[in-house]
Amino acid sequence: MSGKPKRVLLTGGAGFIGSHVAEALLRNKVSLTIVDSLDDFYSSAWKKANLDAIRRVGDFEFFAHNICDKHLMRETVARARPDAIVHLAARAGVRPSIEQPELYERVNVAGTLNLLELSREFRVPRFLFGSSSSVYGAGSSAPFSEKNLDLRPISPYAATKLAGELFCHTYAHLYKLQVVCLRFFTVYGPRQRPDLAIHKFVARIEKGQPIPIFGDGETGRDYTYVDDIVAGVIAALDYEFPASGNTPFEIFNLGNSHTVKLGELVRMIECATGKQAVIQRESMQQGDVPLTWADIAKAGRLLGYCPQTGLEEGLRKFVTWYRAAEPGLRA
């Protein structure tokens, strides 16, 4: 594919990251089709509110389809005729994946395979896959580099994301589909899912409720503001593959490249809210990795990726959004 995409099909576009990506695409004057099943992982009211926010930026077509339904997805791709698919739809969450591994495999692996097959069938030139830092597992040396091929995920969710990447590589190799896999590192910001730590902690601190801390507070995360992730997604969509006979496949880390321990995160949220947290100690949970930390040198070199929002500023922005949001759209 040469030049910027003009027609994009975005899966998971009503979700947290997807809704922000959708707005950026519309601002770039892209003809946009959004697919989102509005599943019950968390209240569909949140996702419908996200769609309303996107509509205030521009027009788009929306289909409440499940990506596992190949018949409906074929009709949608045939109608949209995209020159790029941005695939962000997924069953999310490490801990729920341990309880429902078959569901996660069906949505995250089989659903991704459906979209790759449709990309082959309709000759879609470009495919972006929203992956996760969780693919690095617990044994990778920090900071995590895309060069590390010895990946050993420790949750079903992480395993499904790695499987998705492998299918993406296979289709890039077999059919010369231009594929970019983006490994997101602990994304936060306005519209963040209510089950994720920053949203959950802010909500509980605002209400004077205790916040659960799993383990000793020494686990570290590379917290990345959603605007920086969106900038990386748009840059990846425009990335020009080298004109060579090699497989048109790339993996990029999108993170902040700065790890913060859980205990420090809580102190920073206390500063952002002006309130003191009540800590409730819990045992470490299965599937949680002790550390995430992105090496973003490759994304910087090839995509011009350079995160702009530090955690202190990002937390202030999140708290401002949280306090202004309608009560029904907060945790």
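Yes/no per residue for (1) of a type in the set (A, V, I, L, M); (2) within 18 Å of ARG221 (Cα to Cα):
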| residue | (1), (2) |
| --- | --- |
| SER97 | no, no |
| LEU113 | yes, no |
| PHE122 | no, no |
| SER140 | no, yes |
| PHE144 | no, yes |
| SER155 | no, yes |
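Within region 132-154, can you find the residues that are in a loop (DSSP other than H, G, I, E, B), in contact (Cβ under 8 Å) with a residue 40 or more places away in the chain and not hydroxyl-bearing (Ser, Thr, Tyr)?
Residues of region 132-154 in a loop (DSSP other than H, G, I, E, B): 138-143, 145-151, 153-154.
With in contact (Cβ under 8 Å) with a residue 40 or more places away in the chain added as a condition, the list becomes 138, 142-143, 145-146, 154.
Residues satisfying the conditions are ALA138, ALA142, PRO143, GLU146, ILE154.
How many residues are aromatic (Phe, Trp, Tyr), out of contact with any Lys or Arg (no Cβ under 6 Å at 6 or more places or on another chain) and outside any strand (DSSP E or B) when one looks only at region 170-193?
Initial filter on region 170-193 (aromatic (Phe, Trp, Tyr)): 171, 175, 184-185, 188.
Now narrow it down to the ones that are out of contact with any Lys or Arg (no Cβ under 6 Å at 6 or more places or on another chain): 171, 184-185, 188.
Among the residues that remain, those that are also outside any strand (DSSP E or B) are: 171, 185.
Residues that pass the stated criteria total 2.
Here is a list: THR160, THR112. Which entry is in contact with a Gly (Cβ under 6 Å, 6 or more places away or on another chain), buried (at least 19 other Cβ atoms within 10 Å of the Cβ) and touching a residue at least 12 places away in the same chain (Cβ under 8 Å)? Show your work before the answer.
Details: THR160 fails: in contact with a Gly (Cβ under 6 Å, 6 or more places away or on another chain).
Of the residues listed, the single one that is in contact with a Gly (Cβ under 6 Å, 6 or more places away or on another chain), buried (at least 19 other Cβ atoms within 10 Å of the Cβ) and touching a residue at least 12 places away in the same chain (Cβ under 8 Å) is THR112.
Output the residue which, of all residues in region 261-301 that are among the hydroxyl-bearing types (Ser, Thr, Tyr) and surrounded by 15 or more Cβ atoms within 10 Å (Cβ to Cβ), is modelled with the lowest pLDDT. Before the answer, list the steps.
Initial filter on region 261-301 (among the hydroxyl-bearing types (Ser, Thr, Tyr)): 273, 283, 292.
Filter once more, keeping what is surrounded by 15 or more Cβ atoms within 10 Å (Cβ to Cβ): 273, 292.
On the way: THR273: 97, THR292: 91.
Out of the qualifying residues, it is THR292.
I'd like to verify a number: residues in region 193-215 that are farther than 15 Å from LYS275 by Cα and of a type in the set (Val, Ile, Thr), how many?
1
Counting only residues that are within 20 Å of LEU291 (Cβ to Cβ) and either modelled with pLDDT under 95 or among the acidic types (Asp, Glu) (or both), which one in region 245-258 is surrounded by the fewest Cβ atoms within 10 Å (Cβ to Cβ)?
The initial filter retains those residues of region 245-258 that are within 20 Å of LEU291 (Cβ to Cβ), namely 251-258.
So of that shortlist, the ones also either modelled with pLDDT under 95 or among the acidic types (Asp, Glu) (or both) come out as 257-258.
Values: SER257: 21, HIS258: 17.
Across region 245-258, the extreme among qualifying residues is HIS258.
With respect to GLN209, determine if the residue is within 22 Å of the chain's Cα centre (by Cα), more than 30 Å from LYS4 (Cβ to Cβ) and surrounded by fewer than 18 Cβ atoms within 10 Å (Cβ to Cβ).
Working: within 22 Å of the chain's Cα centre (by Cα): no; more than 30 Å from LYS4 (Cβ to Cβ): yes; surrounded by fewer than 18 Cβ atoms within 10 Å (Cβ to Cβ): yes.
Criteria not met by GLN209.
Only one of ILE198, ILE229 is at pLDDT 95 or above and more than 15 Å from the chain's Cα centre (by Cα); which? Explain how you work it out, then say what you get.
Numbers: ILE229 fails: more than 15 Å from the chain's Cα centre (by Cα).
Result: ILE198 is the single residue among ILE198, ILE229 that is at pLDDT 95 or above and more than 15 Å from the chain's Cα centre (by Cα).
Which one of the conditions (1) surrounded by fewer than 15 Cβ atoms within 10 Å (Cβ to Cβ); (2) modelled with pLDDT of 95 or more; (3) closer than 25 Å to PHE167 by Cα does PRO242 fail to meet, given that it meets all the rest?
Single failed check for PRO242: (2).
Do you know which residues across region 152-174 are out of contact with any strand residue (DSSP E or B) (no Cβ under 6 Å at 6 or more places or on another chain) and over 18 Å from HIS87 (Cα atoms)?
Scanning region 152-174 gives SER155, PRO156, HIS173, LEU174.
For region 116-131, indicate whether the set of residues that are over 21 Å from VAL180 (Cβ atoms) and free of Cβ contacts under 8 Å to residues at least 60 places away in the same chain is non-empty. Explain how you work it out, then say what you get.
Of the residues in region 116-131, the ones over 21 Å from VAL180 (Cβ atoms) are none.
No, that holds for no residue.
So how many residues does region 49-86 have that are within 19 Å of the chain's Cα centre (by Cα) and among the acidic types (Asp, Glu)?
Residues that pass the stated criteria total 0.
Within region 222-239, is there a residue that is without any contact (Cβ under 8 Å) to a residue 12 or more places away in the chain and of a type outside the set (Ser, Thr, Tyr)? Can you show your working first?
To start, the set of residues in region 222-239 that are without any contact (Cβ under 8 Å) to a residue 12 or more places away in the chain comprises none.
No, there is no match, as no residue in region 222-239 is without any contact (Cβ under 8 Å) to a residue 12 or more places away in the chain and of a type outside the set (Ser, Thr, Tyr).
For a quick check of your reading: which strands (runs of 3 or more DSSP E) sit entirely within region 1-109 and have at least 2 residues that are crowded, with 22+ Cβ neighbours inside 10 Å and touching a helix residue (DSSP H, G or I) at 6+ places or on another chain (Cβ under 8 Å)? Steps first, please.
Values: elements: 7-11, 31-35, 61-63, 84-87.
In region 1-109, the matching strands (runs of 3 or more DSSP E) lie at 7-11, 31-35, 84-87.
Evaluate the following for GLY137: is it at pLDDT below 95 and at positive phi?
On the way: at pLDDT below 95: yes; at positive phi: yes.
It is true that GLY137 is at pLDDT below 95 and at positive phi.
So in region 280-295, with the set limited to residues that are in contact with an Asp or Glu (Cβ under 9 Å, 6 or more places away or on another chain) and not small (Gly, Ala, Ser), which one is nearest to PRO96 (Cα to Cα)? Step through it out loud before you land on a result.
Narrowing region 280-295 to residues in contact with an Asp or Glu (Cβ under 9 Å, 6 or more places away or on another chain): 281, 284, 290-295.
In the following step, the residues that additionally are not small (Gly, Ala, Ser) were identified as 281, 284, 290-293, 295.
Values: ARG281: 20, MET284: 15, PRO290: 18, LEU291: 20, THR292: 20, TRP293: 23, ASP295: 28 Å.
So, considering only residues that are in contact with an Asp or Glu (Cβ under 9 Å, 6 or more places away or on another chain) and not small (Gly, Ala, Ser), the one nearest to PRO96 (Cα to Cα) is MET284.
What about PHE167, is it of a type in the set (Phe, Trp, Tyr), under 26 Å from PHE41 (Cα atoms) and in a strand (DSSP E or B)?
On the way: of a type in the set (Phe, Trp, Tyr): yes; under 26 Å from PHE41 (Cα atoms): yes; in a strand (DSSP E or B): no.
So PHE167 fails the test.
Every residue in region 273-297 that is among the small types (Gly, Ala, Ser), touching a residue at least 60 places away in the same chain (Cβ under 8 Å) and under 30 Å from ARG323 (Cβ atoms), please.
Once the filter is applied, which keeps residues that are among the small types (Gly, Ala, Ser), touching a residue at least 60 places away in the same chain (Cβ under 8 Å) and under 30 Å from ARG323 (Cβ atoms), region 273-297 yields ALA277, ALA294.
The values are calculated or read from the model by the stated rules, or taken from the named source; none is laboratory data. Computed from a predicted model, the values in this text were never measured in an experiment. Heads up, the Cβs are rebuilt from the backbone with ideal geometry, glycines too, and the neighbour counts pull from every protein chain shown.
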